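The values are calculated or read from the model by the stated rules, or taken from the named source; none is laboratory data. Predicted model only: the values in this text are computed from it and were never measured. Every residue, glycine among them, receives a Cβ derived from its backbone with ideal geometry; neighbour counts consider all protein chains shown. All accessible areas refer to the heavy atoms of the entire protein, side chains included, with ligands and DNA or RNA removed. Shrake-Rupley method; radii C 1.70, N 1.55, O 1.52, S 1.80 Å.
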2 protein chains.
Amino acid sequence: MHSAMSTNKTEIVDVALDDFSEGYFFLSPENRHKILLSLAKEYDLNRTQVRELMKQHLDLQLPSDKADDSGDHEEEGSLSAFYRIERNLRQALKPMYEVLFERLNTHPGGLKFLSDMRADILHILEDVNIASLRALDSHLKEKLITWLSPANLELHNITWDDPASLLEKIVAYEAVHPISNLIDLKRRLGIGRRCFGYFHPAISGEPLIFIEVALMKDVAATIQEVLWDYPPISEHEASCAIFYSISSTQPGLSGVNLGKFLIKRVVDVVKKDMPNVSVFATLSPIPGYRQWLLSKLASSEMSGSAFKENLLRLEEEKALMDASGGSDMGSSGTEVMWNLLTSKHHEWTNSPNLVSALRTPMMRLCGRYLLKEKKRGKALDSVANFHLQNGAMIGRLNWMADRSQKGLAQSGGIMVNYIYRLDNIEDTAQSYLNEGHIEASSDFRSYIEDELEKE
Amino acid sequence: MHSAMSTNKTEIVDVALDDFSEGYFFLSPENRHKILLSLAKEYDLNRTQVRELMKQHLDLQLPSDKADDSGDHEEEGSLSAFYRIERNLRQALKPMYEVLFERLNTHPGGLKFLSDMRADILHILEDVNIASLRALDSHLKEKLITWLSPANLELHNITWDDPASLLEKIVAYEAVHPISNLIDLKRRLGIGRRCFGYFHPAISGEPLIFIEVALMKDVAATIQEVLWDYPPISEHEASCAIFYSISSTQPGLSGVNLGKFLIKRVVDVVKKDMPNVSVFATLSPIPGYRQWLLSKLASSEMSGSAFKENLLRLEEEKALMDASGGSDMGSSGTEVMWNLLTSKHHEWTNSPNLVSALRTPMMRLCGRYLLKEKKRGKALDSVANFHLQNGAMIGRLNWMADRSQKGLAQSGGIMVNYIYRLDNIEDTAQSYLNEGHIEASSDFRSYIEDELEKE
């Protein structure tokens, strides 16, 4: 590691970089931890030199503003002293490990290595908060953002004609709706479907992120109709492009928002290709809903009656008690709900009565979760936050939209459509980012009307 | 320009960037000058804020070195304050115009625009030295170096099958040996020839730089045999790859050394493709030689006899006087040489006697020029400096190697081979860059043996 940074001979550097990156892969997690810490601490910046330059700068007299035109020459002279020190200071403020990052970036396989290394750093930071390691991470992230700017990425329409080695990666990385077999994959690349990936020249054979699109007549209400619509409609009948899955493949690129640019590019490509398509929407999971709901139910049960929040309305409470048929499912609506939602195999989905009794409160509370629950001014739900910051609005909640084990475990099977309205994507994104405002369709607001009235 | 930097709405930015870059092209040189100056001065950094952060930093106590293991926790705490201020300071040290650069870079056509804008800046700086404009230039250059890192460039083997629009650019940009017609171009892309270009995805249809290669039996001694060897040898007989032309197409990328990486990549590709090729050399012009020689001749004539440098040896002096046949060409060897080299149509090249009399002193002094004449520790000749810093050594001088008007005007027709010896390119480059040492073949040194003895 040291020789990869300290010498200027490219040949030696190449060998050292190879040694370092190969050696790194063989290290145990503990030793990786150690080497990353020593990188963060021992190859930081030279603070003494930085402070020396600061003192020099502060010793200079700032030029007065009014000397604008007169004495232009003298001003130029004093400015060059500022420029010189500032240039040196910028240089001195670069931690030494940036040299390693930069060299790895131009080294074959280096960009991928850096992304893998950052995945390790993020993993360590989940457990312990070390200021120097956090600084290392933030420098590396900045560099990755620069190197992976959209100008350096290539959009590729992935089809059944692509190499099997690439398609295999798509199967492996699909994180939203797992691809079960080759027929499933072929369907996702067939008529009425598209798959676009963002590729970087230095990481060949696999996309950094990819998105799956279904061309449909209407905005899809269930993932079943997206994955298993057979036979598909002919493409010229399609008026909606449904983004039903977006997966990034590199955990080390967390926080490098490639998805936003990918969606923008894909919208442009589809619009150009198929002028009939006028609606761009997602069919998205709500990964944090059930967990949030369970914690609400638990605290509602536990808290003393004085502060007890009425999570369920009277008629919802009654319907749940009726549907549970006085069995041992619980002595209150919230208790019944808790027991149903925590049952191992989601048995409630087999009982039309229970499904019907759960529907109203589950949908209502899901609306509240998406629209009102925030963390540091951003939507609590990670997928909601992703699409809202990209400029989408919340469109429609869909009941029993994902009946898979994963869908039921995440959100009791509810899915949501986020809508990208092309004429005001940026306004929507800005009002979300700056004021935390979440835009939603009137359709959606009706679900939580009462919730809104209460406020 | 202001709105392109000040807002965060991408749509507005896009429009503003289009307006700015389109508007800029319609400006007169004077108005471009004005707008660049105002960019440099009014969108510089906020110096008051920078100094405020410096004071905060200097107020902090540097952690003592020995607190290494004990009190690790406390150290982490104090370090995070440093990291925070340093992060803010790095941000504050960025001039505002960097935002414009960054936005233009991801904007369609923006990279090309930035390169054109930098060409204007360099043009202004040739006439006047303005500290703020120089700082603007150095920031822009840094950015361009980052964005045009070899990892972002694509090597393309340009052939006769490429679009005419691309080949037309090659004809237009060829800066070393102008391409006279389509047959000439076809020859340079035909059997025994290669042309490689470096392309950037954001600047489509033209290379940033390209190199022309001839595959030959021996190291070429004249450009004529490179450009007009008909019929060519079959490629499997070739043992030498001769780089006979390298042209960069963007004046705004001056100082961004793409040539070095291009040569490295091309060597790798050719080596892989043709294992029989073992010698990699250039056939290069010596653009500054005649100008330097004329100034030496002039000062030798003008200076008083006491300090007079004996530019010519006695036998050279005599040969020149004999060949000039006592005509009115001058009363001394140096005067004859001056008159011959400044004759408008290089008439001396038609007289075997004159050619023969000029050869010895011209070659000897050319050796001295290449090996000894330096400016700030670097070779005075720009092409020499380029190849030496890339790790080549001086190989051989070639008399009457380029009989074109341009070749005669630059160097009296002399050309030089620089040799890239693959096993010590980096050592050679380092000893040149660090110690100013110029490596030369023994063949070459024999030309200037006496010159060396004198020292």
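Results, tabulated for the structure shown:
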read-out	value
The listed residue being modelled with pLDDT of 80 or more and closer than 20 Å to A:Leu111 by Cα, out of A:Leu58, A:Leu53, A:Leu17	A:Leu17
Sole residue being out of contact with any Cys (no Cβ under 9 Å at 6 or more places or on another chain) and over 30 Å from B:Leu104 (Cβ atoms), chosen from A:Asp120, A:Asp137	A:Asp120
Of all residues in segment A:54-65 being in a helix (DSSP H, G or I) and more than 9 Å from chain B (Cβ to nearest Cβ), the one that is most open to solvent (accessible area, probe 1.4 Å)	A:Asp59
Candidate set from segment B:15-53 (those that are more than 20 Å from A:Leu62 (Cβ to Cβ) and of a type in the set (Val, Ile, Thr)); member that is farthest from the other protein chains (Cβ to nearest Cβ)	B:Ile35
Looking only at segment A:145-156, and only at residues there that are outside any helix (DSSP H, G or I) and more than 10 Å from every other protein chain (Cβ to nearest Cβ), the one that is most open to solvent (accessible area, probe 1.4 Å)	A:His156
Sole exception among (1) outside the structural domain of B:Leu104 (by the TED database); (2) surrounded by fewer than 19 Cβ atoms within 10 Å (Cβ to Cβ) for B:Glu142, by number	(1)
Options A:Tyr230, A:Tyr198: the member that is touching a Leu at 6+ places or on another chain (Cβ under 6 Å) and not hydrophobic (A, V, I, L, M, F, W, C)	A:Tyr198
Residue within segment A:209-216 that is out of contact with any Phe, Trp or Tyr (no Cβ under 8 Å at 6 or more places or on another chain) and not aromatic (Phe, Trp, Tyr) present	yes
Only one of B:Asp427, B:Asp443 that is loosely packed, with under 14 Cβ neighbours inside 10 Å, acidic (Asp, Glu) and in the same structural domain as B:Leu341 (by the TED database)	B:Asp443
Condition check for A:Glu168: within 10 Å of another protein chain (Cβ to nearest Cβ), under 12 Å from A:Pro207 (Cα atoms) and among the acidic types (Asp, Glu)	no
Whichever residue in segment B:352-367 is of a type outside the set (A, V, I, L, M) and open to solvent by less than 30 Å² (accessible area, probe 1.4 Å) and, among such residues, is farthest from B:Thr282 (Cα to Cα)	B:Pro361
Pairs, first free of Cβ contacts under 8 Å to residues at least 40 places away in the same chain in segment B:330-341, second buried (at least 17 other Cβ atoms within 10 Å of the Cβ) and among the aromatic types (Phe, Trp, Tyr), C-beta under 8 Å, six or more apart	B:Gly330/B:Trp338; B:Leu340/B:Trp348
Candidate set: segment B:157-180, residues that are of a type in the set (Asp, Glu) and open to solvent by less than 70 Å² (accessible area, probe 1.4 Å); chosen: the one nearest to the chain's Cα centre (by Cα)	B:Glu174
Criterion: within 9 Å of chain B (Cβ to nearest Cβ), open to solvent by 50 Å² or more (accessible area, probe 1.4 Å) and not charged (D, E, K, R) - qualifying residue of A:Asn129, A:Asn88	A:Asn129
Yes/no for A:Val256 being at pLDDT 95 or above and not assigned by the TED database to the domain that holds A:Arg118	no
Every pair of residues 6+ apart whose Cβ atoms lie under 7 Å, when the first sits in segment B:435-447 and is within 25 Å of B:Arg376 (Cβ to Cβ) while the second is assigned to a loop (DSSP other than H, G, I, E, B)	B:Gly436/B:Gly377
Within segment A:378-407, tally of residues that are open to solvent by 40 Å² or more (accessible area, probe 1.4 Å) and over 17 Å from A:Thr222 (Cα atoms)	5
Single residue of B:Leu122, B:Leu89 found to be farther than 23 Å from B:Arg47 by Cβ and in contact with a helix residue (DSSP H, G or I) (Cβ under 8 Å, 6 or more places away or on another chain)	B:Leu122
Residue that is farthest from A:Thr222 (Cα to Cα), among those in segment A:131-155 that are of a type outside the set (A, V, I, L, M) and in contact with an Asp or Glu (Cβ under 8 Å, 6 or more places away or on another chain)	A:Ser132
Segment A:181-228 - residue that is among the hydroxyl-bearing types (Ser, Thr, Tyr) and in contact (Cβ under 8 Å) with a residue 60 or more places away in the chain and, of those, surrounded by the fewest Cβ atoms within 10 Å (Cβ to Cβ)	A:Thr222
Enumeration of residues in segment A:143-161 that are more than 19 Å from A:Ile209 (Cβ to Cβ) and free of Cβ contacts under 8 Å to residues at least 12 places away in the same chain	A:Asp161
Among residues of segment A:185-203, those that are within 16 Å of A:Pro150 (Cα to Cα) and either of a type in the set (Gly, Ala, Ser) or more than 14 Å from chain B (Cβ to nearest Cβ) (or both), counted	3
Odd one out for A:Pro95 among (1) open to solvent by less than 30 Å² (accessible area, probe 1.4 Å); (2) assigned to a helix (DSSP H, G or I); (3) at pLDDT 90 or above	(2)
